[in-house]
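To keep things clear, I will list the structure first and then write my remarks on it.
Bear in mind that the values in this text are calculations on the coordinates, not laboratory data. Given the structure is predicted, the values throughout are model-derived calculations rather than measurements. Cβ placement follows ideal geometry from the backbone for every residue including glycine, while neighbour counts extend to all protein chains displayed.
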Amino acid sequence: MSALDSLDPRTALVVFSGGQDSTVCLAWALSRYTHVETIGFDYGQRHRVELHCRSRVRSELSKAFPAWGERLGNDHLLDLRLLGQISDTALTETRAIEMAANGLPNTFVPGRNLIFLNFAAALAYRRGASVLVGGMCETDFSGYPDCRDNTLKALQVALSLGLDAPMTVETPLMWLTKAQTWALSDSLGGERLNAIITEHTHTCYLGDRLVRHAWGYGCGQCPACELRRDGHEQWLAARQAAQPAN
């Protein structure tokens with residue numbers, strides 16, 4: 001049996017921002033499906049530098065992993081700046097990141113993932129894709145309700161009913177810590193994949209790419225940077241502890 005015979009024959013559409021989590025999800029999908037496309041959204045995000053990282057990450061993945069490159073199809077970038085216009089958040093405006101009165105950080109963009117997946121499903125339907133892949137996570141997250149497993153399961157049902165066609169929503173990072181996400185990318189593509197993630201992805205909420213840390217570029221102080229840094233340190237420590245003593 002060839003490697004292609006072991007792949008899922010369905011087409012997957014990955015919600016791809018250009019950040020660490022969505023890049024790991026893209027690698028995960030490329031290791032499983034015969035054809036994979038990507039979709040991104042310009043919603044007026046403060047860290048829109050991530051949009052410029054998307055094409056570079058795709059290119060680097062294709063060069064480093066030719067078999068994945070053969071399965072990587074079209075990229076789609078949609079203009080959803082209306083979402084930014086109706087939002088009042090620290091991700092769409094220049095303001096301090098802090099907790100809001102409702103107990104959620106003011107980086108929460110209401111309805112963002114719901115809107116993303118609805119548009120992704122509409123595009124997937126037209127493109128003949130029946131799997132949506134997203135980096136939503138309920139383990140290392142900021143309490144965003146549209147990242148929760150129950151939300152995504154309910155949305156999967158609604159999308160399938162509304163399209164009258166099966167639409168699977170895959171969230172491979174749902175129960176992983178950030179350290180486990182680093183470990184997953186290592187298992188998928190080893191040092192080559194983690195080097196691409198470190199050098200070319202963007203996760204910092206402030207859009208800062210001036211300083212290159214061991215875990216990647218970022219301000220080093222926003223919640224996204226802290227989570228990425230701590231996860232990287234924990235992954236390295238766990239990997240070191242697992243190595244046999246000389």
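Local charge for LYS178 was computed over the other residues whose Cβ lies under 11 Å away, with Lys and Arg +1 and Asp and Glu -1, and equals -3.
Listed from fewest to most Cβ neighbours within 10 Å, the set CYS219, CYS25, CYS137 follows the order CYS219, CYS137, CYS25. Its DSSP H runs of at least 4 residues, each contributing -39,500 (n - 2.57), put the calculated 222 nm mean residue ellipticity of the chain at -15000 deg cm²/dmol, to the nearest 500.
Sequence-ordered 3J(HN,Hα) estimates for segment 195-211 from the Karplus curve with 6.51, -1.76 and 1.60 and θ = phi - 60° stand at 5, 5, 4, 5, 8, 10, 7, 9, 10, 4, 5, 8, x, 7, 10, 7, 10 Hz, glycine and proline given as x. The ratio of the alpha-carbon radius of gyration of the chain to the globular-protein estimate 2.2 N^0.38 Å is 0.99. Working from Cα pairs under 8 Å separated by at least six residues, relative contact order for segment 112-228 is 19 percent. Stretched out straight at 0.36 nm per residue, the stretch from ARG81 to LEU51 would grow longer than its current Cα-Cα span by 9.5 nm. For segment 118-246, the Cβ-based charge dipole about the Cα centre amounts to some 240 debye (Lys, Arg positive; Asp, Glu negative; other atoms uncharged). Simple point charges give the picture: +1 on the Cβ of Lys and Arg, -1 on the Cβ of Asp and Glu, and for segment 1-63 a dipole about the Cα centre of about 200 debye. Largest mean-square fluctuation among SER160, SER22, SER31, in a Gaussian network model of the chain whose springs join Cα atoms under 10 Å apart, belongs to SER160.
Relative contact order for the chain: 21 percent, from Cα pairs under 8 Å spaced at least 6 residues apart, divided by residue count.
Here the scattering of segment 111-246 is modelled by Debye summation over its C-alpha atoms, one equal scatterer each and no solvent; at q = 0.12, 0.21, 0.22 Å⁻¹ the log10 of I(q)/I(0) is -0.59, -1.23, -1.27.
Amide H contacts of GLU170: LEU132, VAL133, GLY134, each under 5 Å away and 5 or more positions distant or on a separate chain (H built 1.01 Å from N in the peptide plane; Pro and chain starts excluded).
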